[in-house]
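The values are calculated or read from the model by the stated rules, or taken from the named source; none is laboratory data. All values derive from a computational prediction rather than experimental measurement. So basically every Cβ, Gly included, is an ideal-geometry build from the backbone, and we count neighbours across all protein chains shown.
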Amino acid sequence: MTRRGLHRLIRHPGPRRKAVVLGALGITVVLGLTATMVPLLADDDVSIPVVADTTATAVVQDGDNSVKSTLATCPARCDGNPRGGRDAVLAFMVTTLPANATNVRATLRVHAWQAFKATVSAHASNLDATAQRPAPERLVSALDTVTGVAKGFNEWDVSGLVTGNGIWTVSLAQAGLDTRIYWASAENRSADLRPNLVLSYDVAGRPAPPPPSATLPPTAAPTRPPVSPSPSPSVSPSLSPTPTRPTPTATRPPADSGACGKVSDKLVPSCGAWWGMYSPTNPQTWDHGRAITDVEAQVGRKFDIVHRYHDFSNTGSNGAFPDAYQQQQMRDGRLMFFAWESRVFSSGTVLTWKDVYSGRYDETIDAVAGRIRAVGQPVFIGFDHEPEDEPAKGSDADFVRAWRYVHDRFAAADVRNAVWVWTMMGWSGHYDRYAGLYPGDRYVDWVAWDPYNFHVCNGSTVWKSPSTTVGSFYRWLDEKGIGAGKPRMLAEFGTNFDANDPNAKRRWFEEFPAALKAHPKIKAAIYFNSPGMTTTTKTCNMTMNHDAAALAGFTAAGRDSYLRQPTGGSR
């Protein structure tokens, strides 16, 4: 999206789908809507187990409710205590709804051991269901109400909350009986008594494939995902990261997932994904090392990948790379990703792809190849990211010819440690061009794209969830088979904030790891932390640290075990 301070706004015309709020992780599966009108086909019900639950209470003696085998509800005046109210909080991860699901119906089922003359209502909740003892929240209007608690399972229609894939959290509030009602929780010894969410839906066009089982192994304690926390930031960016509970994955792990910590010769981690950063350098110091270490100090961890943009000048830090800063970063355990642009930054000169493959810049290509070979360890390198947005450089065929030319000169120079990353915008407006821009499997090691939740930065009003942001091009690649079998990378990604919801950006970051788990071919994600990539205004700022809430969310994402491998910068 940029070349070291040269930024541009990419406008994506056309309709966009509005993302779901309430801290959802809109995890979209690989099914598209059919192009023609067809009958709706019914699908079987799907039972989703609870992944986290707790009792919200102001009573300090209640202890750690998130690990108890029971949940409790009680009105504000409970057992004679005027401040003894309790709400049961339950979170469910929905990952199996196809993209063409319609008329989604969701039923919450929670078990009680006795019958009570009480009214219990279900509400959408913003509480953290993994918290030990969250304070009760002010609840919005009820999704559904049970009048008279039955012995056994009680059911609430929560279809108004569950509108797609994601993590959905519900609070149960009690009225009409001033004593506690106990409900079975996720920790109950009997799996048959644990809370569950039953989904049914129609599918437009064709039957949905059978969903993968979301049931936890009988002997395993339920794992707990990060659920949207309370609105005020609670993570101190300056603190060292602490271990978090593992999050449930939305897809089957790779076959070698038990061998975490291994990295292939093409820099593919055996499980999880790399966590990377592009951060612009302060022009007052031009200290390219601090551009990264200052951000690392804020988020409390090293990045696995450092992304830098370079030109064809073959001089200075712009063109004579790897430079001293990058060599030090590699010695410190980070991986480098060189985005090599056919330009000269200082003069603004734009090379054509014919200039590149004509041999005019062979001396520059060979010099860079020699320096990379001398590094002696694998590095990511990409030639001209987002070429579909470079009409002045030539045709799509010219780009492919230039890419192959550069690649072949590296091979002729015996450079064996260059890992080639083909990076596109990933915009649907260019879908008809991507096959013609692909250099071929022999010339590409990773397939990458640059997804953004621009929101109002590009004149839209649409807020896209992390899964929606990364998912469209992912599914298109699956459908078309381009780069089949190759690891995928978000070479740039980012999100704006929502001026009407101060914690939206924080939640977006907290939800991001689950979006990666739902798209397991993505093995690296690099944040593009530039305030100048779009016009920065009071409603547009794409940096991850522009306020405390955003920084707390990004910090939390970087602590997720999926992004904290025993290799690379996260050690």
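Within region 410-437, track down each residue that is free of Cβ contacts under 8 Å to residues at least 60 places away in the same chain, of a type outside the set (Asp, Glu) and out of contact with any strand residue (DSSP E or B) (no Cβ under 8 Å at 6 or more places or on another chain).
Correct list: Ala411, Ala412, Ala413, Val415, Arg416, Tyr431, Arg433, Ala435, Gly436.
Only a single item in (1) under 28 Å from the mean Cα position of the chain (by Cα); (2) modelled with pLDDT of 95 or more; (3) at negative phi is not met by Gly426, and it is number (3). In the condition set (1) within 24 Å of Ala448 (Cα to Cα); (2) free of Cβ contacts under 8 Å to residues at least 12 places away in the same chain, Ile381 is compliant with all but (2). Taking region 143-158 as the range and being free of Cβ contacts under 8 Å to residues at least 40 places away in the same chain and surrounded by 17 or more Cβ atoms within 10 Å (Cβ to Cβ) as the test, the residues that pass are Leu143, Asp144, Val146, Val149. Here Ala413 meets the list (1) small (Gly, Ala, Ser); (2) in contact with a helix residue (DSSP H, G or I) (Cβ under 7 Å, 6 or more places away or on another chain); (3) buried (at least 22 other Cβ atoms within 10 Å of the Cβ) almost entirely, failing just condition (3).
Any chance region 130-140 includes a residue that's in a loop (DSSP other than H, G, I, E, B), farther than 17 Å from Asp62 by Cα and basic (Lys, Arg)? Within region 130-140, one or more residues are in a loop (DSSP other than H, G, I, E, B), farther than 17 Å from Asp62 by Cα and basic (Lys, Arg).
Restricting region 377-410 to residues that are over 32 Å from the mean Cα position of the chain (by Cα) and part of a loop (DSSP other than H, G, I, E, B), the residue that is surrounded by the fewest Cβ atoms within 10 Å (Cβ to Cβ) is Ser395. The residue that is surrounded by the fewest Cβ atoms within 10 Å (Cβ to Cβ), counting only those in region 51-72 that are touching a Gly at 6+ places or on another chain (Cβ under 9 Å) and assigned to a strand (DSSP E or B), is Thr57.
Among the residues of region 102-125, those identified as part of a loop (DSSP other than H, G, I, E, B) and surrounded by fewer than 20 Cβ atoms within 10 Å (Cβ to Cβ) are Trp113, Gln114, Ala115. For region 536-545, which positions are part of a loop (DSSP other than H, G, I, E, B) and over 17 Å from Pro451 (Cα atoms)? Correct list: Thr536, Lys538, Thr539, Asn545. In region 539-566, the residues that are polar (S, T, N, Q) reach residues that are buried (at least 20 other Cβ atoms within 10 Å of the Cβ) with C-beta atoms within less than 6 angstrom, at least six apart or across chains, in these pairs: Thr543/Asn529; Asn545/Leu551; Thr555/Val235; Thr555/Val299; Gln565/Pro269; Gln565/Gly272.
For region 162-183, taking the residues that are touching a Leu at 6+ places or on another chain (Cβ under 6 Å) and either among the hydrophobic types (A, V, I, L, M, F, W, C) or not assigned by TED's automatic domain parsing to the domain that holds Ala124 (or both), the one that is modelled with the lowest pLDDT is identified as Ile167.
Based on what the data block shows, is Ala99 in the same structural domain as Ala173 (by TED's automatic domain parsing), closer than 21 Å to Val198 by Cβ, touching a residue at least 24 places away in the same chain (Cβ under 8 Å) and in a strand (DSSP E or B)?
no
The residues in region 457-488 that are farther than 24 Å from Trp420 by Cβ and not small (Gly, Ala, Ser) can be counted, and the count is 9. Among the residues making up region 299-315, those that are at pLDDT 95 or above and either surrounded by fewer than 19 Cβ atoms within 10 Å (Cβ to Cβ) or of a type in the set (Gly, Ala, Ser) (or both) are Ser313, Thr315. Checking each residue in region 321-351 for being surrounded by fewer than 17 Cβ atoms within 10 Å (Cβ to Cβ) and part of a loop (DSSP other than H, G, I, E, B) picks out Asp332, Gly333, Ser346, Ser347, Gly348. Just so you know, in region 159-201 the residues that are over 35 Å from the mean Cα position of the chain (by Cα) and more than 15 Å from His123 (Cα to Cα) include one that is surrounded by the most Cβ atoms within 10 Å (Cβ to Cβ), and it is Ile181. The residues on offer are Arg83, Arg133, and the sole one that is over 30 Å from Gly166 (Cβ atoms), of a type in the set (Lys, Arg) and surrounded by fewer than 23 Cβ atoms within 10 Å (Cβ to Cβ) is Arg83.
Taking region 122-143 on its own, how many of its residues are in contact with a Leu (Cβ under 9 Å, 6 or more places away or on another chain) and closer than 20 Å to Pro49 by Cα?
Residues that pass the stated criteria total 7.
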